[in-house]
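To start, the structure itself, in structure tokens.
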Amino acid sequence: MVRDLRHALRRLRSQPGYAAAAVLALALGIGCNTAIFSVMQAVLLRTLPVTHSERMIYLSESQPHSPDASLSGPDFLDLKGQVRSFESVSAFFGMRLVLTGIDRPERVIGSETDGDYFRVLQATALLGRLYGPGSSGEVVLSERLWRRVFGGDPGAIGRTLSVDGAPRTIAGVLPSGSSFPTRHELWVSTVRDLPTMPGFPQGVTMRGEHYLQGIARLRPGIGLAQARAELDALSSRLEAAYPDSNKGHRLRAGSLQEKIVGEAKRPLWILLGGVVLVLLIACANVAGLQLARAAAGERDLAVRAALGASRAQLVRQILVESAVLALVGGALGLAASWWGVKALVALAGPALPRGSEVGIDIAVLVFALAVSTATGITAGIVPALLASRTDSMAALRTGASTTGHRSRLRDALVTGEVALAVMLLSGATLLIRSFERLRAVDPGFRPEGAVVLPLSHAEKGAEEFHAEVARRVSGIPGVRAAGAVLNLPMGGSNTSGDISFAGRIARPGEYIAETEFVSGDYFRAMGIPLRRGRYLTADDTARSARVGVVNEAFARKFFPGEEAIGKRFSYGVTNSGTPTWVEIVGVVGDVRQYGLAQAPEPEVYYPVLQAPARAVEMTLVIRSDLPLASLLSALRSEIGSLDPDQPLTGLRTLESSVSTTLQQRRLSTLLLSVFSAGALLLALLGIYATLAYSVAQRTREIGVRMALGARAEGVVRLVIRQGMRLAALGAVLGVALAQLLGRVIAGLLYGVAPHDPATFAAVVALLLGAALLACWFPARRASRVDPLIALRAE
């Protein structure tokens with residue numbers, strides 16, 4: 001084995017071009033696979049860092065208009081008291097929180113939870129303790145927040161800080177990787193039995209108010225199917241008992257890990273399939289190179305066989321050489337993947353769940369070694385077996401290959417490379433066209449020239465605060481319009497509720513509309529066009545008549561063929577039990593609240609001073625010509641005079657908010673495009689290498705043809721025809737495979753059919769054009785063969 005290793009190294013040193021081409025091809029395939037595996041391993045394969053994570057369940061509710069909705073307080077309490085499949089259950093509510101009582105105010109994303117939250121997670125504190133049942137007024141910090149705000153000082157435990165204006169005691173620190181939701185940095189124990197909606201504490205007792213998220217832990221020996229059966233039975237009982245609020249509502253349970261992974265799972269599996277195809281192309285490429293090289297060295301193998309070398313020894317010699325190439329390529333690929341993983345995580349940002357856990361660890365190193373070894377064997381075994389079947393006497397007598405099966409196998413490998421390249425290129429092109437179509441969608445507002453700033457305020461005086469902020473910011477020189485909204489479009493959150501119309505009898509859940517509270521000149525700040533009627537104004541106060549502005553989707557759905565202006569609807573009842581009627585005073589353009597790919601839903605905008613709940617959290621939207629630094633300075637002056645503890649962090653452009661919603665699609669498109677480009681280069685290298693070797697092998701034949709009067713143009717056509725035949729066959733097979741890939745990625749496409757003929761035609765044209773270029777150079781070399789030299793060499 002050592003002798004074979006030395007021999008392999010000498011042979012590779014003697015042919016550096018061949019060695020470099022093979023190593024780079026393998027490095028590309030192995031590096032891409034290692035990078036994607038490192039992400040898959042952290043996001044999908046690694047279990048959650050909690051005890052018995054397979055028993056962790058996420059609870060939600062399916063509603064007629066929302067398949068993954070939140071829970072109401074009463075429904076959650078019924079679930080907690082009646083479902084026996086769960087060992088423990090907890091509810092929480094995520095929100096933005098303002099921390100004061102520290103060096104400088106800071107805004108963080110956190111959760112208000114009940115006392116069973118950490119009992120369900122079975123987490124262990126890094127420092128201090130985690131609050132439990134009966135706790136009130138305590139907080140737990142994430143390790144990241146503890147180090148950022150307190151510098152990792154253990155003395156932070158027991159300190160008091162203000163959370164949204166209320167004093168809270170720091171109970172403990174949760175270690176990195178144990179948090180859920182993963183981006184949250186602070187957990188607050190509720191002072192009541194259940195977390196309450198900010199500004200609307202009475203909502204905790206109302207079955208129609210859905211805002212809670214739930215987690216649970218299965219009892220040992222209980223499966224998810226049994227828990228789902230219990231939840232289904234409970235849903236039927238609640239639907240029968242409370243048809244007004246629970247008609248068509250079903251309690252749901254799913255794996256917590258699946259919930260965390262979310263929509264990233266499918267794109268990651270598709271990307272893994274893409275890099276596996278790149279690795280297969282790399283293996284085929286190296287196998288083709290080795291077949292050509294083995295044929296060229298057939299006389300040497302024949303000499304060794306004639307001197308007594310066994311077939312096993314010949315196979316081992318070639319496999320050792322292949323293994324050396326694969327290990328060197330694997331080392332280079334691993335180094336490249338280390339950089340690639342960092343770039344991938346940075347590009348993905350929040351779109352990649354558990355992104356902070358992605359890295360090169362021992363599992364990734366083992367994977368890289370295993371892939372390198374398997375690649376070396378895969379790329380070398382067929383050439384080794386074929387080369388070891390050499391007819392020693394024929395090879396020694398003629399000095400040339402005596403069989404054609406190697407040539408046919410090389411042609412098959414090249415055809416397969418081209419087919420896989422066409423398949424990947426088609427998928428990437430479909431995603432690119434889909435992404436461009438999505439970017440061209442009108443969001444319903446003008447993001448350019450606008451910036452946004454999150455705001456929070458204590459419940460008391462929250463509406464007046466947000467209204468006054470909008471008024472003051474509108475007066476800053478250089479600001480054209482300013483206003484605030486409860487749920488920023490494409491911000492990842494929404495609020496909806498049932499409405500009713502006078503004289504209409506509706507089934508429960510039939511009339512539902514998205515709910516927004518706005519202040520100031522919000523519509524002009526966002527660039528939302530007014531279609532009919534008027535915008536909301538500063539005159540729409542708590543003392544004036546209840547009014548609302550609706551979008552066009554609302555008018556189309558609830559008043560088809562009628563004028564919506566002047567119509568009235570009700571969104572609930574007052575404390576005295578009378579309906580709260582709202583008059584429609586304006587109709588505005590549709591806004592894509594959930595993302596560019598989702599159609600607008602009926603939506604109502606209420607003045608913040610008439611909001612049915614206190615608007616504790618809102619987002620300020622400013623349309624301004626000022627530079628961000630100048631605007632931020634002016635905001636500190638105006639908002640700071642109203643609330644000195646208001647953190648003015650998170651100022652960003654509205655365009656960046658829209659771009660964030662496309663981040664996952666952009667990343668999938670970019671990576672599959674990169675992999676497809678690599679596959680195309682490898683396929684072209686395979687065509688070039690095959691033709692170059694063929695020309696070298698047919699030098700005597702070409703010399704005879706030219707001696708008999710063949711023209712250079714004819715020789716060029718002969719070689720090009722050979723290469724283009726392989727490319728054309730591969731393209732046909734690739735289009736067939738692309739049809740299958742189109743079905744797989746159909747869920748990621750927007751505005752483009754998965755079997756789009758124009759896309760396939762463009763890809764085939766690109767491939768054939770590039771293949772023609774790859775064929776040209778060997779063809780020109782063949783046309784320059786000197787007949788006398790070729791014949792004399794024989």
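The values are calculated or read from the model by the stated rules, or taken from the named source; none is laboratory data. Treat the numbers as computed from the prediction; the structure is a model and nothing was measured. Positions of Cβ are generated from backbone atoms using ideal geometry, with glycine treated the same way; all protein chains shown enter the neighbour counts. Keep in mind that these areas ignore ligands, DNA and RNA; they rest on the heavy atoms of the full protein, side chains included. Shrake-Rupley method; radii C 1.70, N 1.55, O 1.52, S 1.80 Å.
Cβ separations smaller than 8 Å between residues 6+ apart or across chains give no pair from the stretch 271-292 residues that are part of a helix (DSSP H, G or I) to residues that are among the acidic types (Asp, Glu) and surrounded by fewer than 24 Cβ atoms within 10 Å (Cβ to Cβ). Every condition in (1) under 30 Å from PRO154 (Cβ atoms); (2) in contact (Cβ under 8 Å) with a residue 40 or more places away in the chain holds for LEU212 except the one numbered (1).
Residue by residue, here is whether (1) open to solvent by less than 20 Å² (accessible area, probe 1.4 Å); (2) more than 29 Å from the chain's Cα centre (by Cα); (3) of a type in the set (Asp, Glu) holds:
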| residue | (1), (2), (3) |
| --- | --- |
| ARG437 | no, no, no |
| ARG446 | no, no, no |
| GLU468 | no, yes, yes |
| ALA482 | yes, yes, no |
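Cβ-Cβ contacts under 9 Å between residues 6 or more apart (or on different chains), taken from a first residue in the stretch 90-115 that is closer than 9 Å to PRO195 by Cα and modelled with pLDDT under 85 to a second residue that is open to solvent by less than 20 Å² (accessible area, probe 1.4 Å) and acidic (Asp, Glu), are absent.
Restricted to the stretch 504-568, the set of strands (runs of 3 or more DSSP E) holding at least 1 residues that are buried (at least 19 other Cβ atoms within 10 Å of the Cβ) comprises 512-520, 547-551. Within the stretch 217-242, being without any contact (Cβ under 8 Å) to a residue 40 or more places away in the chain and either in a helix (DSSP H, G or I) or open to solvent by less than 40 Å² (accessible area, probe 1.4 Å) (or both) holds for GLY223, ALA225, ARG228, ALA229, ASP232, ALA233, SER235, SER236, ARG237, GLU239, ALA240, ALA241. Give the residue that is modelled with the highest pLDDT, with candidates limited to residues of the stretch 702-713 that are surrounded by 13 or more Cβ atoms within 10 Å (Cβ to Cβ) and either within 55 Å of the chain's Cα centre (by Cα) or under 20 Å from CYS775 (Cα atoms) (or both). Only one residue fits best here, namely ALA712. Any chance you could count how many residues in the stretch 199-214 are open to solvent by less than 30 Å² (accessible area, probe 1.4 Å) and in a loop (DSSP other than H, G, I, E, B)? Residues flagged as open to solvent by less than 30 Å² (accessible area, probe 1.4 Å) and in a loop (DSSP other than H, G, I, E, B) within the stretch 199-214 amount to 1. The criterion of at least 2 residues that are over 19 Å from GLY475 (Cβ atoms) and under 30 Å from the mean Cα position of the chain (by Cα) is met, among strands (runs of 3 or more DSSP E) falling completely within the stretch 578-678, by 617-624.
Quick check on the stretch 671-683. Is at least one of its residues open to solvent by 60 Å² or more (accessible area, probe 1.4 Å) and under 23 Å from THR429 (Cβ atoms)? The answer is yes, given that some residue of the stretch 671-683 is open to solvent by 60 Å² or more (accessible area, probe 1.4 Å) and under 23 Å from THR429 (Cβ atoms). Within the stretch 33-49, is there a residue that is more than 29 Å from the chain's Cα centre (by Cα) and open to solvent by 10 Å² or more (accessible area, probe 1.4 Å)? No, because not a single residue in the stretch 33-49 is more than 29 Å from the chain's Cα centre (by Cα) and open to solvent by 10 Å² or more (accessible area, probe 1.4 Å). Taken over the stretch 127-156, residues that are surrounded by fewer than 18 Cβ atoms within 10 Å (Cβ to Cβ) and of a type outside the set (Gly, Ala, Ser) amount to 7. When residues in the stretch 719-777 are screened for being over 23 Å from the mean Cα position of the chain (by Cα), of a type in the set (D, E, K, R) and open to solvent by 30 Å² or more (accessible area, probe 1.4 Å), 2 of them pass. For the stretch 54-78, a tally of residues being part of a strand (DSSP E or B), open to solvent by 30 Å² or more (accessible area, probe 1.4 Å) and within 12 Å of ARG207 (Cα to Cα) returns 0. Pairing residues of the stretch 1-20 that are closer than 12 Å to ILE318 by Cα with residues that are in a helix (DSSP H, G or I) and of a type in the set (Ser, Thr, Tyr), at Cβ distances under 8 Å and at least 6 apart in sequence or on separate chains, gives LEU12/TYR18.
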